[in-house]
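Everything below concerns the one structure shown next.
The values are calculated or read from the model by the stated rules, or taken from the named source; none is laboratory data. What you see is a predicted model; the values in this text were computed from it and never measured. FYI the Cβ positions are ideal-geometry reconstructions off the backbone, even for glycines, and counts take in every protein chain you see. Just the protein is used for accessible areas: all its heavy atoms, side chains included, with ligands, DNA and RNA removed. Shrake-Rupley method; radii C 1.70, N 1.55, O 1.52, S 1.80 Å.
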Amino acid sequence: MFSILPFILILIALAIVVVVVVRKLPQLTLLDVDSIPEVQIDKKKDEYLKKRVEKSAEAFKKKRQQLFGPLVKKLKEIQLSFRQYVGRVQKKILEDAKKRREAVTTVAEKTTDLLSLRQDGEYAIEQKNWDVAEKKFIEMIKIDPKDKDAYYGLGKVYREKGEKKEAEEAFEFLLQLDANHDDALMQLAEMAKESGDIERAIGYYERGVLLEDNKANRFIGLAELFLELGKNEPALEAVRQAVDLEPQNPKYLDMLVEVSVKCGDKGSANEAYQQLRMANPDNNKLAVLKD
């Protein structure tokens, strides 16, 4: 009995609470909480604080735009400019690569065409077909206005055709492209010699021996030109240069004896005579030279 008494008391208290709540429930449901003065004051405070926060946020946003807006705009402009620059660079790289590929192809094609035309021109010269040869070399110049082989071939064609002026112009222009073009110098030297312009021929020969000082025949050609002008001493020096290069050449030794005699150099003449006698003992001129 004593053990369940507390439980019974709790049930009675709960029943009383339930009865009270049930009786007061209609009044509680009709109660407007918002009409309570304290609630209204708190609500107004919340609205005021909310407006203050929104106003502060708006002011901060506006200030931030004023401070950082131009910077952000500038950064965007820089970013756009950089993207445009990168685009231009990429475009230029692609264009340059394309041009290089096209240039390589063009150079290869030009080289092939020039080689073929030069071979055709040289074959036409061998066949003495001067008009065809001239046409081939002119086509080479159209492809490459600075092709040295074309001007040299064209000069040879004009010389063979007897067109001296055109030949000289071709060789002279070649020397403008290459001042040390040895073959062009010799062609001009021979043409000047043929036309009787000895001084001019000597000038070309001297340039030639400076370029190629190991060719004995050039010194002999130079000696012959000096002899035509009666310049025996320079001629003797030129022949000696030729003999130094080809000491067993009978023709050069023969000339050295004769030029030494003309210069009155008995020692040089005797020495050259002995060299000639040893190099060519059957030479019919030995007795004449000795006398």
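For Met191, the accessible surface of its heavy atoms amounts to roughly 10 Å² (probe 1.4 Å, protein chains only, rounded to the nearest 10). For the stretch 162-231, what does the alpha-carbon gyration tensor say about shape, rounded, prolate or oblate, given a ≥ b ≥ c as the root eigenvalues, a/c under 1.5 as rounded, and a/b over b/c as prolate? Verdict is oblate for the stretch 162-231.
The Kirkwood hydrodynamic radius of the stretch 154-291, based on inverse pair distances between different Cα atoms, is 16.1 Å.
Diffusion coefficient of the stretch 112-151 by Stokes-Einstein, Kirkwood radius over Cα pairs, 4 °C, 1.567 mPa s: 134 µm²/s. A quarter of the convex hull surface defined by the alpha-carbon atoms of the stretch 237-291 gives 3.2 nm² as the mean projection. Ranked from largest, the principal axis spans of the Cα set of the stretch 168-207 equal 27, 19, 12 Å.
The GluC sites (Glu not before Pro) found in the stretch 191-270 that occupy coil by DSSP, while having at most 14 further C-beta atoms within 10 Å, are Glu212. For the stretch 244-291, the list of trypsin sites (Lys or Arg not before Pro) that fall in a loop by DSSP and count at most 15 other C-beta atoms within 10 angstrom reads Lys285.
Binning the alpha carbon pair distances of the stretch 67-216 at 10 angstrom intervals from zero yields the distribution 10, 25, 21, 12, 9, 8, 7, 5, 2, 0, expressed in whole percent. Using 0.36 nm per residue and subtracting the Cα-Cα separation, the extra length available between Val53 and Glu77 on full extension is 5.3 nm.
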